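S.K.: Mind having a look at this structure? Questions to follow.
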Amino acid sequence: LKSPKIIFKNTYKTLDSWSNIPEHIKAKQGRKLFLQNGHPLCSLRELLQRQFRDKSINCVAKESPVVSTITNFDSLGIPKTHVSRSKSDTYYVDKDTCLRTHTSAHQLEEFKNLAESKMSKKGFLITADVYRRDEVDASHYPIFHQMEGAYLWDRNDKAGMLRDLEQVKLDSDLQKLVIDEATLKDHNDLQDIYSLQETQIASIHLKNSLVLAIHNLVLMTPDNGLDKSQVRYRWTYDSFPFTQPSFQLEIFWKGAWLEILGSGVVRENILTQAGIQNHVGWAFGIGLERLAMILYSIPDIRLFWTTDDRFHKQFTPNEITTFQPYSKYPLCYKDISFWIDESFAANDFYELVRDVCKDLVESVDLIDQYTTKAGRTSLCYRINYRSMEKSLKNEDVDLLQVNLRKALASSLNIQLR
Ligand code: PHE
């Protein structure tokens with residue numbers, strides 16, 4: 001594993017009106033959960049890497065999350081106006097520098113490494129922490145982890161492509177669990193440069209490789225945690241500026257379809273930018289928390305960040321076991337109401353809650369909203385407080401709520417009620 005030596009704090013240069021990285025994010029730097037032996041995210045990284053072991057690929061971990069906006073967005077063809085670039089979705093160090101929002105930020109760099117090695121490897125797996133401003137609930141956390149994979153063929157090596165395809169054939173039992181709503185039938189949605197046949201081979205190889213990898217992990221999961229007879233996989237079309245065609249994989253889990261990855265046939269212009277000519281291949285990006293929550297039956301995303309031994313002592317490196325819930329501490333909620341104007345962005349509010357209350361908030365729900373005849377809008381949010389580590393005292397929660405109100409009044413353009 002290569003590890004860049006940049007320390008997050010030292011990368012701060014001049015702050016400008018784009019800088020929006022709060023203390024609670026800075027405080028998490030250096031935890032490296034995905035490299036912590038025995039941590040479920042580290043085991044999942046290792047177990048996924050093993051699924052691709054017989055493919056000739058580089059496995060890389062990226063440590064510093066600080067990247068240029070060119071790297072995170074432009075190099076992938078993400079338009080200047082794309083919502084993901086907004087200050088309410090992304091953490092910025094300054095106007096031109098942000099915390100990576102996905103592992104795709106490192107695609108170009110790793111494709112360049114393949115080109116420099118004269119294609120001595122056929123692909124890569126990159127694991128890293130990624131950052132997005134988002135809502136507060138049991139499945140969203142502003143830092144999460146992704147694994148990015150890619151695999152390429154020389155376009156002249158049709159025989160090699162067909163051989164690889166044969167290697168990832170699904171047996172009929174597994175095939176029955178897969179619903180493919182994104183089968184390519186004609187030339188719609190192809191890149192001009194690639195033939196239908198090449199695109200089809202790459203797409204099927206992509207889909208089968210991923211279903212095989214994930215299903216193998218499902219098979220490693222203890223029966224008490226997961227009802228394997230219920231597991232289903234579904235492919236649907238998706239859209240990314242750096243792949244075409246693009247697919248999404250969903251997994252059916254406890255009665256609901258959950259998105260777990262985005263993927264597709266790599267845009268040829270990304271390969272040529274990296275100095276790779278006449279190749280075709282696929283890429284995917286999978287969220288590790290969501291898959292780990294399914295496989296390990298982990299009910300709350302904050303648990304990945306806990307320092308409670310009762311969490312960490314449960315796990316054996318590179319094994320999947322069912323999380324044994326330990327006593328939950330009591331929940332305590334407080335409501336907060338305020339008038340907003342058109343400058344209000346919900347993510348700014350969630351961010352403030354995380355900043356003031358750290359991981360003591362389990363979720364934030366909008367419970368009431370109304371607009372007066374005069375056109376003023378009032379929101380009421382319920383803040384659900386619960387610690388993962390201790391029983392919160394009433395006065396602690398009261399103090400948090402007071403601090404939250406103060407911070408809200410002073411930093412957002414709202415009027416408390
Ligand atoms: N980066 C995309 C995301 O985070 C996922 C993706 C990776 C899609 C690689 C296509 C190819 O949603």
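The values are calculated or read from the model by the stated rules, or taken from the named source; none is laboratory data. As the structure is a prediction and not an experimental result, all values here were calculated from the model. Positions of Cβ are backbone-derived with ideal geometry, glycine not excepted, and every protein chain shown enters the neighbour counts. Heavy atoms of the whole protein, side chains included, go into the accessibility calculation; ligands, DNA and RNA do not. Shrake-Rupley method; radii C 1.70, N 1.55, O 1.52, S 1.80 Å.
S.K.: Can you confirm whether Ile21 is open to solvent by 10 Å² or more (accessible area, probe 1.4 Å), in contact (Cβ under 8 Å) with a residue 24 or more places away in the chain, hydrophobic (A, V, I, L, M, F, W, C) and within 16 Å of the ligand (Cβ to nearest atom)?
M.R.: no
S.K.: Another question, then. State all residues of region 95-134 that are open to solvent by less than 10 Å² (accessible area, probe 1.4 Å) and of a type in the set (Asp, Glu); if no residue qualifies, say none.
M.R.: Matches in region 95-134: Glu110 only.
S.K.: Something else now. Quick one: in region 152-163, which of the residues that are over 28 Å from the mean Cα position of the chain (by Cα) and not small (Gly, Ala, Ser) is least open to solvent (accessible area, probe 1.4 Å)?
M.R.: Filtering first and then ranking leaves Met161.
S.K.: Being more than 16 Å from the ligand (Cβ to nearest atom) and either modelled with pLDDT of 95 or more or acidic (Asp, Glu) (or both) is the filter here; which residues of region 116-152 pass it?
M.R.: Matches in region 116-152: Glu116, Ser117, Lys118, Met119, Ser120, Lys121, Lys122, Glu135, Asp137.
S.K.: Filter region 179-193 for residues that are charged (D, E, K, R) and over 27 Å from the mean Cα position of the chain (by Cα); which is least open to solvent (accessible area, probe 1.4 Å)?
M.R.: Asp186
S.K.: When the residues of region 259-297 are filtered to those that are farther than 21 Å from Tyr141 by Cα and part of a helix (DSSP H, G or I), which remaining residue is farthest from the ligand (Cβ to nearest atom)?
M.R.: This residue is Thr272.
S.K.: Quick one: count up the residues across region 199-240 that are of a type in the set (A, V, I, L, M, F, W, C) and under 21 Å from the mean Cα position of the chain (by Cα).
M.R.: Of the residues in region 199-240, 10 are of a type in the set (A, V, I, L, M, F, W, C) and under 21 Å from the mean Cα position of the chain (by Cα).
S.K.: Do you know which residues across region 68-94 are under 17 Å from Pro22 (Cα atoms), open to solvent by less than 30 Å² (accessible area, probe 1.4 Å) and within 13 Å of the ligand (Cβ to nearest atom)?
M.R.: Thr90 - this is the single residue of region 68-94 that is under 17 Å from Pro22 (Cα atoms), open to solvent by less than 30 Å² (accessible area, probe 1.4 Å) and within 13 Å of the ligand (Cβ to nearest atom).
S.K.: Taking the criterion of being touching a helix residue (DSSP H, G or I) at 6+ places or on another chain (Cβ under 6 Å), closer than 24 Å to Phe52 by Cβ and open to solvent by 20 Å² or more (accessible area, probe 1.4 Å), would at least one residue in region 247-254 satisfy it?
M.R.: yes
S.K.: So, Gln51, is that one without any contact (Cβ under 8 Å) to a residue 24 or more places away in the chain, open to solvent by 20 Å² or more (accessible area, probe 1.4 Å) and within 17 Å of Gln146 (Cα to Cα) or not?
M.R.: No, not satisfied.
S.K.: When residues of region 298-325 are filtered for being assigned to a helix (DSSP H, G or I), within 27 Å of Ser104 (Cα to Cα) and of a type in the set (D, E, K, R), how many remain?
M.R.: Residues flagged as assigned to a helix (DSSP H, G or I), within 27 Å of Ser104 (Cα to Cα) and of a type in the set (D, E, K, R) within region 298-325 amount to 1.
S.K.: Trp235: touching a residue at least 12 places away in the same chain (Cβ under 8 Å), within 16 Å of the ligand (Cβ to nearest atom), open to solvent by less than 10 Å² (accessible area, probe 1.4 Å) and touching a Gly at 6+ places or on another chain (Cβ under 8 Å), yes or no?
M.R.: It is false that Trp235 is touching a residue at least 12 places away in the same chain (Cβ under 8 Å), within 16 Å of the ligand (Cβ to nearest atom), open to solvent by less than 10 Å² (accessible area, probe 1.4 Å) and touching a Gly at 6+ places or on another chain (Cβ under 8 Å).
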